[in-house]
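The values are calculated or read from the model by the stated rules, or taken from the named source; none is laboratory data. Remember, it's a predicted structure, so these values are computed and weren't measured experimentally. Neighbour counts run over all protein chains shown; Cβ positions are idealised from the backbone, glycine included.
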Amino acid sequence: MRFSIVAALVSVDEAAFTTLREAIEITDSALSRQIVLLEQAGYVKVRKTFVGKRPRTWLSLTSEGRTAFTRHVTALRDIAGWGPASE
C-alpha cells in the first residue's frame, strides 16, 4: 500500500488526501495509518489547511521519498531483469 501511495505522489507536486484515497482505492483510516508511517520515515510531507470551515489535507513527497522510490523501482527492475544489472 505504501508503494502505491508513493507511486501516486511521485508524479505530482502535491495531492489532496481525498484525491489520493480515491486514486488508490483505500479507506480513510487505512490511508491515514500509512501516511503516518511514511511521514515518520521522512518520505511524505503533510500540510493541513482549511477551505472555509472544512479541513483539507495535502500530501507531497519529500526529496528523501523521491530518492527512496527511485531506488526501489531500480531494485525491482534489476530483480525482473529489466535494469542495468541484467545486461
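Annotations for the structure displayed:
- Test result for F3, surrounded by fewer than 14 Cβ atoms within 10 Å (Cβ to Cβ), touching a residue at least 60 places away in the same chain (Cβ under 8 Å) and not in a strand (DSSP E or B): yes
- Number of residues in the stretch 31-87 that are part of a helix (DSSP H, G or I), among the hydrophobic types (A, V, I, L, M, F, W, C) and over 15 Å from F3 (Cα atoms): the value is 3.
- Flag for E64 being in contact (Cβ under 8 Å) with a residue 24 or more places away in the chain and acidic (D, E): no
- Residue check for D28: surrounded by fewer than 14 Cβ atoms within 10 Å (Cβ to Cβ), at pLDDT below 95, acidic (D, E) and farther than 13 Å from R2 by Cα: no
- Conditions (1) hydrophobic (A, V, I, L, M, F, W, C); (2) surrounded by 13 or more Cβ atoms within 10 Å (Cβ to Cβ); (3) touching a strand residue (DSSP E or B) at 6+ places or on another chain (Cβ under 9 Å); number of the one not met by F50: (2)
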